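The values are calculated or read from the model by the stated rules, or taken from the named source; none is laboratory data. Remember, it's a predicted structure, so these values are computed and weren't measured experimentally. Don't worry about glycine lacking a Cβ; one is built from the backbone with ideal geometry, like all the others, and counts go over all protein chains shown. Please note that ligands, DNA and RNA were not included when accessible areas were found on the heavy atoms of the full protein model with its side chains. Shrake-Rupley method; radii C 1.70, N 1.55, O 1.52, S 1.80 Å.
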Amino acid sequence: HELLVLCEMLGCEPYLAGNLGGGTVRAMAEWMEYLTMSGESPMANLRRKNGRHDPWPVSFWGVGNENWGGGGNMRPQYYADLSRQYACFCRHFTPGKKLYKVACGLNDEWNDILMREAGQSIDGLSVHYYTVPGEWSKKGSATDFSEEEWIRTMQKASNIEDFIIRTKAIMDRHDAKKRVG
């Protein structure tokens with residue numbers, strides 16, 4: 001409740017991500033119902049019992065987060081299957097408000113598999129782009145680094161535009177709406 005009240009106070013819209021690593025489709029669907037249902041339902045009634053009468057019109061729902069690592073250690077094929085399953089059962093209950101189901105993207109290979117296998121079930125891709133100076137498993141300190149590590153980090157950061165262009169091309173290639181007509 002506190003996060004959503006803060007978003008209202010700031011005039012911004014929240015982005016919430018469901019837990020695919022340890023959560024269930026049912027848990028995410030009930031969470032969406034709890035937050036966005038204006039009518040009568042067990043979850044909407046629980047929200048009212050907890051002190052919030054009106055629903056929150058949350059539009060942006062992440063289907064997991066960093067699912068290749070701490071979010072489940074998944075392969076892109078498995079994550080794509082889960083994304084389709086979650087997208088099928090998780091509904092939006094706020095009339096007049098669009099629901100955006102957002103999958104989690106990583107690199108060209110991951111994004112291509114995800115978009116090919118689940119692109120029809122999702123509305124967006126939350127891409128992650130990391131600029132650690134070395135290997136991911138040896139990220140190093142956030143505050144204690146050499147000049148060479150700083151330079152490598154900045155060089156990787158300067159490649160973000162190329163990554164975005166490649167990701168857009170992958171998304172466009174798998175977007176059925178653009179292929180039709």
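Here are a few things to note about the model shown:
- Tally, over the stretch 95-111, of residues that are among the aliphatic types (A, V, I, L, M), assigned to a loop (DSSP other than H, G, I, E, B) and farther than 18 Å from ASP54 by Cα: 1
- Count of residues meeting criterion [open to solvent by 50 Å² or more (accessible area, probe 1.4 Å), outside any loop (DSSP other than H, G, I, E, B), over 23 Å from ASN67 (Cβ atoms) and touching a Phe, Trp or Tyr at 6+ places or on another chain (Cβ under 9 Å)] in the stretch 8-41: 1
- Pairs where the first residue, in the stretch 103-119, is surrounded by fewer than 23 Cβ atoms within 10 Å (Cβ to Cβ) and the second is of a type in the set (D, E, K, R), C-beta under 6 Å, 6+ apart: ASP108/ARG166
- Search result, residues across the stretch 120-142 that are surrounded by 13 or more Cβ atoms within 10 Å (Cβ to Cβ) and touching a helix residue (DSSP H, G or I) at 6+ places or on another chain (Cβ under 8 Å): GLN120, SER121, ILE122, LEU125, VAL127, TYR129, THR131, VAL132, PRO133, GLY140
- Residue within the stretch 154-163 that is in contact with a Ser or Thr (Cβ under 6 Å, 6 or more places away or on another chain), over 27 Å from VAL58 (Cβ atoms) and in contact (Cβ under 8 Å) with a residue 12 or more places away in the chain present: yes
- ARG173 vs. criteria more than 17 Å from GLN77 (Cα to Cα), open to solvent by 100 Å² or more (accessible area, probe 1.4 Å) and in contact with an Asp or Glu (Cβ under 6 Å, 6 or more places away or on another chain): no
- All positions within the stretch 85-102 that are open to solvent by 70 Å² or more (accessible area, probe 1.4 Å) and within 13 Å of the chain's Cα centre (by Cα): TYR100
- Within the stretch 74-94, the residues that satisfy the criterion of being modelled with pLDDT under 90 and in a loop (DSSP other than H, G, I, E, B) are CYS90, ARG91, HIS92, PHE93, THR94.
- Residue in the stretch 143-170 that is nearest to ARG116 (Cα to Cα), counting only those that are of a type in the set (A, V, I, L, M) and open to solvent by less than 60 Å² (accessible area, probe 1.4 Å): ILE170
- Of all the numbered requirements in (1) open to solvent by less than 20 Å² (accessible area, probe 1.4 Å); (2) under 13 Å from the mean Cα position of the chain (by Cα), ASN65 misses one, and that requirement is (1).
- Residue match in the stretch 52-61 (condition: open to solvent by 30 Å² or more (accessible area, probe 1.4 Å), modelled with pLDDT under 95 and within 26 Å of HIS128 (Cβ to Cβ)): yes
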